[in-house]
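What follows is one structure encoded as structure tokens, with my remarks underneath.
The values are calculated or read from the model by the stated rules, or taken from the named source; none is laboratory data. The model shown is predicted, which means the values in this text are computed figures rather than measured ones. Cβ placement follows ideal geometry from the backbone for every residue including glycine, while neighbour counts extend to all protein chains displayed.
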Amino acid sequence: MSEANLLLRVEDLRLYFRTRRGIVQAVDGVNLKLPSNEAMVILGESGCGKTSLSRAILRLLPNNVATYTGKIYLNGHNTMELNDESYRRQIRWFEMSMVPQAAMNALNPVMKVGDQVAEPLLVHKRVEKAEALEQAAWMFEQVGVPIDFLNRYAFELSGGMRQRVALAMALITLPSLVFLDEPTSALDVLTQANIFNVLKDIKRELAVSFILITHDIATSSELADTVAVMYAGEIVEVSDARHFFTEPLHPYSRLLMDSVPRLKVEQEPTFITGQPPSLISPPSGCRFAPRCPSAMQRCSDAPPTFQKDGRQVRCWLYA
Amino acid sequence: MSSVISTQSQGTPQRVPQSATGSTVGPEQPSPKTLLSVEDLHVWFELKRFGFLHAGYVQAVDGVNFDLSEGGAIGIVGESGCGKTTLMKTILGLYEPIRGKVVFRGRDLSALTARDMQAYRGEVGYVQQDPYGALPPFMRVEQILVEPMLVTGIKDREEHKQRIRDVLTEVKMTPIDDFLTKFPHMLSGGQQQRIVIARAMILNPRLIVADEPVSMLDASVRVEILRLLEKLQESHNLAVIYITHDLSTVRYFSDEIYVMYAGKLVERAEVNALLRNPMHPYTQALLEATPDPDYRNALTYKDLPPGEPPSLVNPPQACRFHPRCPHKIDGLCDVQLPPDFVPEPGHHAACWLYR
């Protein structure tokens with residue numbers, strides 16, 4: 001991974017929220033690197049901060065932010081230095097866009113889906129309406145939606161088609177990075193597999209990078225080039241897909257992998273006992289230690305990130 | 001398990017004789033009694049235009065047959081809109097079939113009086129898909145669990161306490177006193193689902209109907225909840241109908257899998273037989289589409305049938321899968337409804353490929 005073709009580099013990103021019960025440390029010192037035209041999966045259970053991480057990178061923040069620090073380099077430029085207005089004009093939807101969770105249910109019910117897909121072009125790129133619609137038609141073709149659906153409303157479309165429309169909307173401005181937040185969790189297996197076929201196509205044809213946020217390990221393997229595992233606001237492992245899916249390093253990743261019911265292999269799944277810690281006062285030391293089968297004395301100190309065969313893991317086992 | 005299914009069409013008689021596959025019920029019960037049978041069930045919903053003009057039917061469940069023995073576990077697999085939820089709600093007595101019947105312990109549901117229906121609901125527990133949506137947010141755990149007992153006329157306070165204790169111990173919500181006064185939002189997703197299961201179990205039902213009980217939960221908790229259901233099934237000799245779209249979880253749970261497509265059962269077999277050798281092209285597609293975690297998935301495309309499940313208002317003639325089927329036989333699949341074929345003992349497939 002040479003530094004030259006790095007699309008995104010995140011350094012020590014922190015996003016804390018103020019709540020009545022205290023400060024929630026949703027994203028706590030995250031470092032990531034993503035080369036262009038690659039797909040990274042951020043795996044984690046609900047409440048681990050994976051959605052907050054994507055929103056922190058895209059600067060889509062609620063109004064109870066307590067801390068928002070770190071560096072986000074996009075094509076070598078630190079986007080954290082931009083003010084909100086220039087960020088909106090230069091980055092969001094130009095360089096990075098997002099398919100939020102349950103996007104297919106968030107389409108405007110009184111707007112034709114074609115107009116809706118064309119809208120980012122009108123708003124962000126100030127393109128003429130006719131041209132924008134032409135682009136939208138082309139994008140519909142890319143994501144596998146029949147072109148005559150341009151004039152339909154969201155309620156006339158099936159779930160899979162609506163999800164494709166949401167995807168088309170994120171892609172219409174040809175950004176270099178698209179965040180997908182649980183893109184298929186509400187869809188049926190066949191539709192899910194179809195959407196992943198489309199995503200693979202788009203990654204190849206349009207040279208887009210993806211950050212896929214999910215808790216579903218099995219489907220995440222459909223797109224992943226690299227996998228980052230998140231636990232309690234921290235990234236605990238970053239591995240290339242090949243090694244991750246055959247032999248995860250961090251004890252949490254291993255347990256997570258063992259909890260997946262397999263269809264084609266005989267293997268009894270297990271579950272992880274206990275619950276993730278509260279992000280208001282996470283345990284000092286390794287945050288997974290209370291649930292970890294290989295916990296040892298040393299785990300009361302927070303482990304640094306260790307390098308092992310080009311993979312990164314935050315666990316004392318690899319010291 | 002002794003159960004018989006066939007996807008029945010008008011005109012072609014094809015109730016398949018039960019093959020000698022043997023029973024999978026434990027040794028204490030040499031001849032398992034039939035608990036529930038669903039006979040030629042048709043549940044259609046009338047569509048109306050302007051509120052009174054007849055405009056056709058949604059044929060949500062169209063000719064479904066099966067028997068479920070005491071203590072047996074079946075998984076019904078299908079995509080959204082295939083009629084699996086309608087089938088379940090009809091079994092729960094929430095919908096009236098337009099033809100066919102649901103028979104529970106020898107009694108036809110449609111013939112039950114209101115009082116008997118209430119007793120029936122005590123015998124059938126329902127585990128919902130979304131635990132948070134299924135639990136009233138303004139009630140504490142204790143109230144939630146007392147409610148079913150009050151409704152069915154169990155008034156003794158001591159018995160309430162005893163039953164709540166027993167059931168919470170069983171779903172492993174211990175120490176019990178920590179949870180009794182909590183509201184649903186104070187519990188994690190897994191704990192909420194345990195409460196839903198506890199509520200379904202509190203009247204000591206004979207049958208549990210679980211509609212996607214783990215699809216909303218995190219991966220690490222799913223297996224725990226499935227194990228819990230499995231344990232309850234064994235210790236109470238409960239029959240369980242597990243409804244899901246996810247083939248990979250059903251395998252750890254049920255004895256038999258029924259695959260449903262567009263209102264009809266298209267394949268039925270013992271779990272491992274179905275996974276090893278799926279016969280119906282639709283089942284094959286489902287298996288192809290369900291990934292195991294493997295990095296090679298990202299390198300290949302999946303070979304999937306085109307299109308989407310049909311509308312149930314105007315489903316395709318004959319075999320409902322034929323417009324999408326890669327093995328379609330012209331002049332047969334689009335003309336005549338396939339009966340239930342039994343290519344190997346205990347393995348039924350409603351597909352002309354096995355004629």
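Observations on the structure shown:
- Residue match in region B:221-231 (condition: over 26 Å from B:Glu308 (Cα atoms), more than 16 Å from the chain's Cα centre (by Cα), crowded, with 19+ Cβ neighbours inside 10 Å and among the acidic types (Asp, Glu)): yes
- Cross-chain or 6+ apart pairs with Cβ under 8 Å, region A:123-141 first and within 19 Å of A:Arg162 (Cβ to Cβ) and modelled with pLDDT of 90 or more, then in a loop (DSSP other than H, G, I, E, B) and not β-branched (Val, Ile, Thr): A:Phe140/A:Pro146
- Conditions (1) more than 19 Å from A:Leu6 (Cα to Cα); (2) free of Cβ contacts under 8 Å to residues at least 60 places away in the same chain; (3) surrounded by fewer than 18 Cβ atoms within 10 Å (Cβ to Cβ): number failed by A:Gln90: (1)
- Among the residues of this structure, B:Leu232 counts as one that is closer than 21 Å to B:Pro131 by Cα and in contact (Cβ under 8 Å) with a residue 24 or more places away in the chain.
- Restricting region A:179-209 to residues that are of a type outside the set (Asp, Glu), more than 12 Å from chain B (Cβ to nearest Cβ) and in contact with a helix residue (DSSP H, G or I) (Cβ under 9 Å, 6 or more places away or on another chain) leaves a set whose member that is farthest from A:Met257 (Cα to Cα) is A:Leu206.
- Of the residues examined, A:Leu212 is one that is in a strand (DSSP E or B), within 11 Å of chain B (Cβ to nearest Cβ) and either crowded, with 22+ Cβ neighbours inside 10 Å or touching a residue at least 60 places away in the same chain (Cβ under 8 Å) (or both).
- Any chance A:Ala168 is among the small types (Gly, Ala, Ser), within 12 Å of chain B (Cβ to nearest Cβ) and touching a residue at least 24 places away in the same chain (Cβ under 8 Å): no
- In the set (1) over 30 Å from B:Met186 (Cα atoms); (2) charged (D, E, K, R); (3) part of a loop (DSSP other than H, G, I, E, B), the condition left unmet by A:Arg287 is number (1).
- In this structure, A:Glu266 does satisfy being surrounded by fewer than 18 Cβ atoms within 10 Å (Cβ to Cβ), more than 9 Å from chain B (Cβ to nearest Cβ) and either of a type in the set (Val, Ile, Thr) or more than 26 Å from A:Gln297 (Cβ to Cβ) (or both).
- Helices (runs of 4 or more DSSP H) fully within region B:126-186 that include at least 2 residues being among the basic types (Lys, Arg): B:157-170.
Listed here are the residues, each with its yes/no results for (1) within 14 Å of another protein chain (Cβ to nearest Cβ); (2) at pLDDT below 90.
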position	(1), (2)
B:Val43	no, no
B:Lys48	no, yes
B:Glu70	no, no
B:Gly75	yes, no
B:Gly78	yes, yes
B:Cys82	yes, yes
B:Glu96	no, no
B:Lys101	no, no
B:Leu109	no, no
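- Across region B:306-324, the qualifying residues are those that are modelled with pLDDT of 90 or more and within 13 Å of another protein chain (Cβ to nearest Cβ), and the one among them that is nearest to the chain's Cα centre (by Cα) is B:Phe321.
- Selection over region A:159-204 of residues that are small (Gly, Ala, Ser) and more than 20 Å from A:Trp93 (Cβ to Cβ) gives a count of 5.
- Residue within region A:224-238 that is touching a Pro at 6+ places or on another chain (Cβ under 6 Å) and either more than 7 Å from chain B (Cβ to nearest Cβ) or part of a strand (DSSP E or B) (or both) present: yes
- Residues that are among the β-branched types (Val, Ile, Thr) and within 11 Å of chain A (Cβ to nearest Cβ) were ranked within region B:279-305; the one that is nearest to A:Leu263 (Cα to Cα) is B:Thr290.
- Note on region A:152-193: residues that are in contact with a Lys or Arg (Cβ under 8 Å, 6 or more places away or on another chain) and over 22 Å from A:Pro120 (Cβ atoms) amount to 1.
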